[in-house]
Every structure is written in C-alpha cells, then in structure tokens.
Amino acid sequence: MGEYFGTDGIRGIPGEFPLVKDFVARLGYEAAKAILSGPRRAGSAAPEALLARDSRDSGRLLGKWLTLGMQAAGCRVTDIGVAPTPAVSFLAPRRKAAFGAVISASHNPAEFNGIKFFSGKGVKLSERAERAIEAALKKNRARALPARIDGEKYRRAPELLRDYEDFIVGTIAPAVAKGEGPLSGMKVVLDCAHGAACASAPRALARLGAKVYAIGCVPDGKNINAGVGALYTAAMSRETVRRGADCGFSLDGDADRVIFADETGAVFDGDDIIAMAALEMKREGRLRRSKVVLTVMSNCGIINRLREEGIKTVQVPVGDKYVTRAIDGEKLSLGGEASGHIIFRDFSPTGDGLLTAVQVLALLRRSGRKLGDYRKLLPKYPQSLRAVAVSKKVPLESIPGFARKLRDIERGLGGGRVFVRYSGTEPKLRVLAEGPDAPAVESAAREIISYYEKHTEGILCR
C-alpha cells in the first residue's frame, strides 16, 4: 500500500484530506496523465474517461472535482452516473476508453467515500502505476487547474448502464427470447445495500426470468450499507426464509462483492461460493487446470476439501486485483476472496457481485441441486475474524515480541493458524484465527488483540 492508495483505491471522509477539492482535482489530472503517458497523434480525438459513482451524497461533488482534473489532462469525460463498479470495468474496453474512474467507498459506511481507477483494459491499476501517481501528486502540489467543467468535454450517459445489463444477461442467455428465461421458476431475494446496483440488478435478474424479492433498494444518499448489504446479511437471510426463496444474496455498496444465503438462511461467503462453483465447473469441464485462486484469508477447511476433489489452490494477498493477476498468470478461470469478491475470468477481470449471482444461479439450475446441498460437501474450520478500529497503524514488525507471540498462539491451535494485518480500506486491525476447535479459536483471537493493545500504548479505538 502507498501513502494515499490502499488495497482498493483512495478512501477517506469527504471534506477531510485527501478527499478535498485541490487534491481530488490534482488526482484526476495526475492519474489521467500517468495512464495516458505516451505520444498521441496530432488531431486525434480527446481520449475518453468513464466516470461512475455509488449512491452516496458526496459522490456528485467528488465527481465534479475529479472531472476538472481529468479534463485539464486532455480527457473528455463520459459520466454514467450511479452504476456498479464492475460496469466501468466492462464498459472501458468495449468503448475503447482510455480509462475509468469510480467514486465509491464500497462496503464502508455512508460517511466515507473513495476513488479508484481502471485501465482501458478494465483492470485495476498496478501498484507501480499508483506509485507513479503518488509521486506526481507530491511533486506538483501547486498545480493550477480550471475552476469550471468544460461542457463540450463532458457528457452524461446513464443509458450505458443498459449495455452492462445486456452483458450480464448474455453470460447465460446470449439471446433471451420472449417467454421463459433461463432462470424462470427460481425465486431469489436480492439485497442491493441501498447502493449502486439498485437499478441494474433487479432488471437483469427479471429479464432472466427469476422472481425477485428486493430489499435494500431505496437509496437516499445516506443509507448505503446501513444494516444491509454484504456486511449485514441478517435481513437478507430472514427474507430468504420468509419468501421460501431458492437463495438470497447481498451485494455491497458498489456491487463488486456478494454474499449468499441458502434456502434455510445459512450464509455462504466467498470461499463457499468459489468452492461450490469450482466443483460444478470442474464437473462441466470448464475449470481450467483444475485450479482456483484464493487469498491468505481463505478457510483451510475449504482448501483441504478442494484438494480432496483434485482441485489445487493458489493463495495471494487480499485484494481482487491480486486475484486477477494470479488467474491471468496461470491462465485460470476462477478465483476470489472470502469477502465476496469473486472473479469468473471467462467474463470479467474484476470482482462483480451481480455476475457472480447470475453464474451461481445458472450453476444451480444446471446441477439440479439446492445451494444448501453444498454445505455438507464443503466443511469449514471454525474461524474468528475480528476487525478492531485503530487510531494509527503501528508497523506490526515493530511491536516487541509480537511475531513470537503469534507463533506460540498458532501452535496451540492444533493444526490451525492465525493471520494479522491492517485493513487497506479502513483504519482497522484485522485478526483471523482458525482451527478445528471453536473455543480455542475464539480465545486465540482475544489473546492477540489483548497483546496488541498492551504493547502499542492503547491506540485501539473503543
């Protein structure tokens, strides 16, 4: 992670640095310049930059500031409006856009916001590109930029969201005819987190023939992720049971991740869904090299079960861009994170909650199984995952005896493990303990947090 960029772009509270006018405008300029580096033919059209946002109130103003910078760098800006993050990943290469920018803080509370960029190929920027942008921002602190948007280089294009919906539908139904769709007869609960997919997700699923019961679809600019969405799945689980639905799923605020519930309301996280999809894709002959990409946070029980089924795993750092990099490097077809970022590489280079939902529903339809049937097939180790707010991120390696303490705790888990890291998107310490004995796992997580607090002068935020 850099000084400004975390694991998924730049995050903060609008009105506080770095999400202030001067910085955001300069970010738009320096990002555009870095991405567009290289000569352009004289007289060629200005390169297109796609812009989208989630449903937060602050998104419009941040978009205006970002546009000022991108236009100053020579871009014409096409504003899609409120749209899922993966829609920009899809649209950028199809439109031959130079790059895309998304204003979103994803799963974070409404008071946060953020900015992330996609290349013209629809992939997130590399750390090298982010470092170059950060270096330019530090070097050119006094750069003057226009005060007003150039109307001739700015266009609102919410209709492009329909192209993304067509793509989603086309991944399982290349030509949806009148009458029954491929998901006809399936009942699903859809939780849109009052976020970016409130328009596109219900429409796409209805076009495929599913009966959709939608919750979390009334955004007011302040309620994104509030008690709903991928971090708060209880409402979706209850509604799934109440409606007698085949399954339910919760997107996060920008719809790049998804968490499921089966017909009984039991939650399936990203690890569960990747494993379920891997089993079915292997059966169908579509799992390239019989291998999937997971992250260091993935459950060991799932990894062991996949190995028993002849499916190998590759583990990478947290962040869907690392998953994509590994998938592409090994020419694989599937990977993702326990948090719900799942990449079906035959269709997309980035996590896409709606695409994942559609693919999983299609796999269920073809297999003839219920989602709950996979619970018995995919045993998991008990886990304790804690996210504790901190006022500053003290380097873990600088904490006296911390590494040795972690090793000692891990040995006591009887074949389990512990993993500690700082969040790349929030001021939080994340602690994972995992093993065959649930009480021991809970005790290990508590002991780690207690040791951390004792040896960092009480910087935990209570």
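Side notes on the structure shown:
- Residues within the range 302-344 that are in contact (Cβ under 8 Å) with a residue 60 or more places away in the chain, aliphatic (A, V, I, L, M) and within 21 Å of F117 (Cβ to Cβ), tallied: 1
- Count of the range 371-386 residues which are under 14 Å from E447 (Cα atoms) and either exposed (fewer than 15 other Cβ atoms within 10 Å of the Cβ) or out of contact with any helix residue (DSSP H, G or I) (no Cβ under 6 Å at 6 or more places or on another chain) (or both): 1
- Taking the range 345-358 as the range and being crowded, with 24+ Cβ neighbours inside 10 Å and either closer than 17 Å to E280 by Cα or free of Cβ contacts under 8 Å to residues at least 12 places away in the same chain (or both) as the test, the residues that pass are L355, T356, A357, V358.
- Pairs, first farther than 14 Å from A438 by Cα in the range 407-421, second among the aromatic types (F, W, Y) and outside any loop (DSSP other than H, G, I, E, B), C-beta under 7 Å, six or more apart: none
- Condition check for L279: on the phi < 0 side of the Ramachandran plot, of a type outside the set (V, I, T), under 15 Å from the mean Cα position of the chain (by Cα) and surrounded by fewer than 24 Cβ atoms within 10 Å (Cβ to Cβ): no
- For the range 109-123, a tally of residues being of a type in the set (D, E, K, R) and crowded, with 24+ Cβ neighbours inside 10 Å returns 1.
- If the condition is being farther than 29 Å from R94 by Cβ, of a type in the set (D, E, K, R) and at pLDDT below 95, then the range 106-147 contributes K138, K139, R141, R143.
- Scanning the range 389-415 for residues that are aliphatic (A, V, I, L, M) and either under 16 Å from S443 (Cβ atoms) or in the same structural domain as S237 (by TED's automatic domain parsing) (or both) gives L406, I409, L413.
- The set of residues in the range 202-215 that are in contact with a strand residue (DSSP E or B) (Cβ under 6 Å, 6 or more places away or on another chain) and either assigned to a loop (DSSP other than H, G, I, E, B) or surrounded by 24 or more Cβ atoms within 10 Å (Cβ to Cβ) (or both) comprises L205, A210.
- Test: I133 is of a type outside the set (D, E, K, R) and in contact (Cβ under 8 Å) with a residue 60 or more places away in the chain: yes
- The residues listed here are T67, T78; of these, the one that is modelled with pLDDT of 95 or more, over 18 Å from the mean Cα position of the chain (by Cα), crowded, with 23+ Cβ neighbours inside 10 Å and over 21 Å from G319 (Cβ atoms) is T67.
- In this entry, K153 is excluded by the filter for residues that are among the charged types (D, E, K, R) and surrounded by fewer than 17 Cβ atoms within 10 Å (Cβ to Cβ).
- Selected residue (criterion: nearest to the chain's Cα centre (by Cα)) from residues of the range 86-96 that are in contact (Cβ under 8 Å) with a residue 40 or more places away in the chain and buried (at least 22 other Cβ atoms within 10 Å of the Cβ): P86
- Being of a type in the set (D, E, K, R), buried (at least 24 other Cβ atoms within 10 Å of the Cβ) and in contact (Cβ under 8 Å) with a residue 12 or more places away in the chain is a property that holds for R257.
- Answer from I302, I274, I259 - the residue that is touching a strand residue (DSSP E or B) at 6+ places or on another chain (Cβ under 7 Å) and in a helix (DSSP H, G or I): I274
The values are calculated or read from the model by the stated rules, or taken from the named source; none is laboratory data. Owing to the predicted nature of the structure, the values given are computational and were not obtained by experimental measurement. Quick reminder, even Gly has a Cβ in these numbers, built from the backbone with ideal geometry, and neighbours come from all protein chains shown.
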